[in-house]
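Student: There's a structure below that I have some questions on.
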Amino acid sequence: MYKILKKRILAPDICLMEVLAPRVASNAQPGQFIIVRVGEKGERVPLTICDYDPKAGSITIVTQRVGASSRKIYALEEGESFSDFVGPLGLPSEFIHENEESLRNKKYLFVAGGLGTAPVYPQVKYLHQKGAHVEVIIGAKTRDLVIMEEEMKNVVDQVYVCTDDGSYGFKGLVTAKLKELMDSGNKYDQAVAIGPMIMMKFVTLTAKEYKLPLIVSLNTLMVDGTGMCGACRVTVDGKTKFACVDGPEFDAYQVDFDEAMRRQTMYKPQEAEADHKCKIGLKNG
Amino acid sequence: MDKKTRVPVREQDPVIRSRNFEEVSYGYDQGEALLEASRCIQCKNPRCVAACPVNIQIPQFIKAVLDGDMPWATSIIGKDSSLPAVCGRVCPQESQCEGACIMGIKHDPIAIGKLERYVADWARKNKYTPEEEIKPNGKKVAVIGSGPAGLACATDLAKAGCDVTIFEALHKPGGVLVYGIPEFRLPKEEVVDYEIGQVRKLGVKIECNVVVGRTVTIDQLMDNEGYHAVFVGSGAGLPKFMGIPGENLNGVVSANEFLTRSNLMGAYSPDSDTPIYVGRRVAVVGGGNVAMDAARTALRLGAEVTIVYRRTEKEMPARVEEVHHAREEGVAVQMLTNPVAVLGNEKGWVTGLKCIRMELVEPDESGRRRPVEIPGSEFDIPCDVAVIALGTSSNPLIARTTPGLEINRHNGIIADEKGVTSRPGVFAGGDVVTGAATVILAMGAGREAAKSILEYLGV
């Protein structure tokens, strides 16, 4: 069993969990994800890796309570366990293949949206350790939903926080902040955007205006996460790719975002029904 | 009853069973089994044994059934197969043991599969497990994949005294027996879980949620965890698609996805958290057993189902029994039909398959007559969900993360009939080597590899 060593509420409906999974922790790398399952009837839920500690044998994940399955995850407390916890899945970020000397001379800009802030963390931490210059834009709807700002500040050169309602930091979307940074003459060798599909689409459109190389991490539907089902297929450069084994990271300019967004909604009616049952406490929810 | 005809097996009524997930076939009762067993003429040189990929001593176990010595019948099968209740249900006996049965030349062949199932079900219901004397030999072997190949290999290795751990990527052991074959053909809790439990009783450990190549590599298993040899039986898990326009529309799913949702995740039952969608009409593309399984699953979930296949029933790779069952239950079949595009609406959901009629010309390299398009014969098959069941290929993950392990152009691991690969200490067998085949062929390959592993380990 995969015991929850620590649980911390980061924001309303968002929690961080440190989970004991020694095998996963010993081979995890930036850019990868895991799949969890709660209970015998539980769904396999893909979640990004927020941090990993091979010595402690733990993986840190961040979840937001949005539907029936994430509600079950969120309900678990310290000391309780996940039924299943498998990973690390997917390919690690490209930059892990680069040597330190080349990374030392590089300037990275990460654009993190909402829960997407979590998977940005292990990437910037890695790059920072290797000596790269790293800046991060964190976007959230409102001040309460900004997560991991302090942790991020410890491992990057600059953090810019944006809120849609202006309750904290820059008022506006991450794309507006990105524009501002680019217009004021900042130069980056590589940008990485992780967040809701719609955000990644618009960051891509914005980055394109500046010819800024951009990587995105796709959070598609998945069942097994090992290449078996094909639920996660996305069109990249006109070809069908499986986000679980060919990704989750892809060159943003090659991704068909409209298709990816549409495919994400495939089970929306069933999910809404399950969530409804769950909320009103039906036994089969 | 005359001895020329086999004893028929009782089945659930097609109309009733097309709405439930309970097993189709009830299997023989004692009287039926004895009657069928009495038809076996006990050949001196039994062709059935040679035709069985794991060489079960068929006439011997049938004799034991006839003598009423069920423990002995169980032991005889158990020597060669660790999954008799599975194989009795899903083996293509008609092209193996029963296909070779001498009785079959003039009359009905002996219903070997049904008798095997009878013996295995008896053992399970009576909790009979033959005693195994195992002397540990101090060798540690890792088996990757808990499907038929891995289970068969692990069984033989454990019986020889090896300390065996099976690593399974999914959360439940069984491989295709669990994610692929539906409940109505192969009950999971009752049959699959039980037989895997029998393998565990031999001392085999099963560690789930380990994706070898990601969670741990073969090198790490051998260098850091002290495994002396590794068997790779990771199957052929990657679905093939058609590469036609519209294939990524919502509602187009691989048979793997469809069946995994229903079988492994239990989505056929309302109490599962995993969603599955069938809509009103489902089109299933393909003519293999997997296509039949997907079609019959969709039917049970309440859809009208049409199978679309580019050749004719004669060329279908599915078992005759499966096609027959599917038709009986009300699955429609469009033969000599090939999809050329998936049609969708403005919301990006599938609305149908644009198909073209085919005709058969001279045989191709597979020996089957080759289908060619009839120009101008395009027509549409309306559907809300399209399930693509065109086969699978090997997952390249293990090969990519194991230096020195050679693969072929289909990403299959290259291994000889004995399971020997290009990498010393690493053996492979089953679908990961041959591409998608049958449960029993994978088991045969697992057993062969077990022999090679024991030889390699010098035990």
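The values are calculated or read from the model by the stated rules, or taken from the named source; none is laboratory data. Since this is a predicted model, take the numbers as computed values, not measurements. Note that we place each Cβ from the backbone using ideal geometry, even for glycine, and neighbour counts take in every protein chain shown. For accessibility, only protein heavy atoms count, side chains too; no ligands or nucleic acids. Shrake-Rupley method; radii C 1.70, N 1.55, O 1.52, S 1.80 Å.
Student: If you roll a 1.4 Å probe over the heavy atoms of the protein chains, what accessible area per residue do you get for the stretch A:94-198, in Å²? Don't jump to the answer; show the numbers that get you there.
Tutor: Numbers: 4620 Å² over 105 residues.
Roughly 44 Å² per residue, with all protein chains present.
Student: List the lysines whose alpha-carbon lies under 26 Å from that of B:LYS3, not counting same-chain residues fewer than 8 positions away?
Tutor: B:LYS44, B:LYS63, B:LYS106, B:LYS114
Student: Report the B-A buried area as the accessible area lost on both sides summed, probe 1.4 Å, in Å² to the nearest 100.
Tutor: Values: alone 20130 and 13830 Å², together 30210 Å².
Approximately 3800 Å² gets buried when B meets A.
Student: So what is the relative contact order for the stretch B:100-176, in percent, with contacts set as C-alpha pairs under 8 Å and at least six apart? Could the numbers behind the result be given before it?
Tutor: Values: 78 pairs, mean separation 20.5, N = 77.
Relative contact order comes out at 27 percent.
Student: Could you work out the mean count of beta carbons from other protein chains within 10 Å of each residue's beta carbon in B:207-214?
Tutor: Working: counts 1, 3, 14, 3, 12, 0, 3, 15.
The shielding value for this peptide is 6.
Student: Subtract the Cα-Cα distance of A:ASP189 and A:LYS171 from 0.36 nm times their separation in residues, and report this length gain in nm to one decimal.
Tutor: Values: separation 18, 0.36 × 18 = 6.48 nm, distance 2.60 nm.
This chain segment gains 3.9 nm when fully extended.
Student: Still on this model: Ignoring ligands, DNA and RNA, what accessible area per residue does the stretch B:145-231 give at 1.4 Å, in Å²?
Tutor: Details: 2330 Å² over 87 residues.
With the other protein chains kept in place, the stretch B:145-231 gives 27 Å² per residue.
Student: Where does chain B land at 222 nm, in deg cm²/dmol rounded to the nearest 500, when only DSSP H runs of n ≥ 4 count, each adding -39500 (n - 2.57), divided by all residues? Working shown, then result.
Tutor: On the way: 18 runs with 146 residues, N = 459.
Calculated from helices alone, the mean residue ellipticity at 222 nm is -8500 deg cm²/dmol.
Student: If the only charges are +1 at each Lys and Arg Cβ and -1 at each Asp and Glu Cβ, what is the size of the charge dipole of the stretch B:128-247 around the Cα centre, to the nearest 20 debye?
Tutor: On the way: 12 positive and 16 negative charges, 27 e Å.
Dipole size: approximately 140 debye.
Student: To continue, here is another question. Which links in A:LYS141/A:LYS239; A:LYS153/A:LYS177; B:LYS127/B:LYS205; A:LYS106/A:LYS153 stretch past 23 Å when you go from one Cα to the other? Display every interim value, and only then the final one.
Tutor: Values: A:LYS141/A:LYS239 34 Å; A:LYS153/A:LYS177 18 Å; B:LYS127/B:LYS205 21 Å; A:LYS106/A:LYS153 19 Å.
Where the Cα-Cα span goes over 23 Å, the pairs concerned are A:LYS141/A:LYS239.
Student: Another question, then. Using bins 10 angstrom wide from zero, how does P(r) for the stretch B:241-390 break down, in % of all Cα pairs?
Tutor: Calculated over all Cα pairs of the stretch B:241-390, the distribution is 12, 41, 35, 10, 1, 0 percent.
Student: Tell me, what % of the accessible area of the stretch B:70-138 is carbon and sulfur with a 1.4 angstrom probe?
Tutor: On the way: 1630 of 3030 Å².
Percent of accessible area from carbon and sulfur atoms in the stretch B:70-138: 54.
Student: To continue, here is another question. Would you mind working out the accessible area per residue for the stretch B:357-459, using a 1.4 Å probe, and quoting it in Å²?
Tutor: Details: 5070 Å² over 103 residues.
Using a 1.4 Å probe on heavy atoms only, each residue of the stretch B:357-459 averages 49 Å².
Student: Going toward the positive end of the dipole of the stretch B:93-162, with +1 on Lys and Arg Cβ and -1 on Asp and Glu Cβ, which of B:ALA154, B:ALA111, B:ALA100 do you reach last?
Tutor: Of B:ALA154, B:ALA111, B:ALA100, it is B:ALA154.
Student: Also, I was wondering about something else. Take every Cα pair under 8 Å in the stretch B:14-125 that's 6+ residues apart, average their separations, divide by the length, and report that relative contact order as a whole percent.
Tutor: Numbers: 134 pairs, mean separation 33.9, N = 112.
It comes to 30 percent, rounded to a whole number.
Student: Just to be sure I understand the interface: list residues from the stretch A:220-237 that lose 30 Å² or more of accessible area between the chain on its own and the complete protein assembly, 1.4 Å probe.
Tutor: A:VAL223, A:THR226, A:MET228, A:CYS229, A:ARG233
Student: In whole angstrom, how far apart do the alpha carbon centroids of the stretch B:428-459 and the stretch B:338-401 sit?
Tutor: Measuring centre to centre over Cα atoms gives 32 Å.
Student: Of A:THR117, A:TYR168, A:VAL134, which is farthest along the charge dipole of the stretch A:94-198 in the positive direction, counting Lys and Arg as +1 and Asp and Glu as -1 at C-beta?
Tutor: A:TYR168
Student: Please list, by residue number, every one of the trypsin sites (Lys or Arg not before Pro) in the stretch B:91-184 that is coil in DSSP and has at most 16 other beta-carbon atoms within 10 Å.
Tutor: Working: sites: B:LYS106, B:LYS114, B:ARG117, B:ARG124, B:LYS125, B:LYS127, B:LYS139, B:LYS140, B:LYS159; in loops: B:LYS106, B:LYS127, B:LYS139.
In loop regions of the stretch B:91-184 (DSSP not H, G, I, E or B), the sparsely surrounded trypsin sites (Lys or Arg not before Pro) are B:LYS106, B:LYS127.
Student: Now a separate question. Please identify every one of the GluC sites (Glu not before Pro) in the stretch B:309-398 that sits in a loop by DSSP and has no more than 16 other beta carbons within 10 Å of its own beta carbon. Let's see the in-between values first.
Tutor: Numbers: sites: B:GLU313, B:GLU315, B:GLU321, B:GLU322, B:GLU328, B:GLU329, B:GLU346, B:GLU359, B:GLU365, B:GLU373, B:GLU378; in loops: B:GLU346, B:GLU365, B:GLU378.
Filter output for the stretch B:309-398: B:GLU346, B:GLU365, B:GLU378.
Student: Here's another thing I want to ask about it. Can you check what the Kirkwood hydrodynamic radius comes to for chain B, Cα pairs only, in Å to one decimal?
Tutor: Working: mean 1/r = 0.0433 Å⁻¹.
By the Kirkwood definition, the hydrodynamic radius is 23.1 Å.
Student: Here is the link list: B:LYS125/B:LYS201; B:LYS188/B:LYS451; A:LYS241/B:LYS172; A:LYS41/A:LYS72. Which ones come out longer than 20 Å on Cα distance? Don't skip to the end; give the middle numbers.
Tutor: Values: B:LYS125/B:LYS201 17 Å; B:LYS188/B:LYS451 29 Å; A:LYS241/B:LYS172 26 Å; A:LYS41/A:LYS72 11 Å.
Beyond 20 Å: B:LYS188/B:LYS451; A:LYS241/B:LYS172.
Student: Under a straight-distance cross-link criterion of Cα-Cα below 16 Å, which aspartates and glutamates are reachable from A:LYS187, leaving out those fewer than 8 residues away in the same chain?
Tutor: Leaving aside aspartates and glutamates fewer than 8 places away in the same chain, those within reach of A:LYS187 are A:GLU135, A:ASP157, A:GLU209.
Student: I would also like to ask the following. Loop only by DSSP, 12 or fewer other Cβ within 10 Å of the Cβ. Give me the trypsin sites (Lys or Arg not before Pro) in the stretch B:209-305 that pass, ordered by residue number. Can you show the working numbers first?
Tutor: Numbers: sites: B:ARG214, B:LYS240, B:ARG261, B:ARG280, B:ARG281, B:ARG296, B:ARG300; in loops: B:ARG214, B:LYS240, B:ARG280.
Loop-located and lightly packed - B:ARG280.
Student: Using +1 at the Cβ of each Lys and Arg and -1 at the Cβ of each Asp and Glu in the stretch B:197-300, identify which of B:SER272, B:VAL204, B:ASN224 lies farthest towards the dipole's positive end.
Tutor: Checking the options against the dipole of the stretch B:197-300, the answer is B:SER272.
Student: Leaving ligands, DNA and RNA out of it, report the carbon-plus-sulfur percent of the accessible area of the stretch B:177-225 at a 1.4 Å probe.
Tutor: 43
Student: May I pose another question? Could you tell me the relative contact order of chain B? Use alpha-carbon pairs under 8 Å, at least six residues apart, and round to a whole percent. Don't jump to the answer; show the numbers that get you there.
Tutor: Values: 1006 pairs, mean separation 73.1, N = 459.
With pairs under 8 Å counted, the relative contact order is 16 percent.
Student: Charges at C-beta only: +1 for Lys and Arg, -1 for Asp and Glu. How large is the resulting dipole of the stretch A:94-198 about its Cα centre, in Debye rounded to 20? Provide the component values of the computation, followed by the final result.
Tutor: Working: 12 positive and 15 negative charges, 24 e Å.
For the stretch A:94-198, the charge dipole is close to 120 debye.
Student: Continuing with this model, one more query. Please give the residues from the stretch B:244-288 for which the solvent-accessible area of heavy atoms, probe 1.4 Å, is smaller by at least 50 Å² with all protein chains in place than with the chain isolated.
Tutor: Flagged in the stretch B:244-288: B:ASN248, B:ASN250, B:GLU257, B:ARG261, B:MET265, B:ASP271, B:ASP273, B:PRO275.
Student: Now, a different point. Under a Cβ-only charge scheme (Lys and Arg +1, Asp and Glu -1), can you give me the dipole magnitude of the protein assembly as shown about the Cα centre, in debye to the nearest 20? Please report the intermediate quantities before stating the final value.
Tutor: Numbers: 88 positive and 95 negative charges, 67 e Å.
Roughly 320 debye, rounded to the nearest 20.
Student: What's the carbon and sulfur percent of the stretch A:218-285's accessible surface, probe 1.4 angstrom, rounded to a whole number?
Tutor: On the way: 1540 of 2940 Å².
After summing per-atom areas, the C and S share lands at 52 percent.
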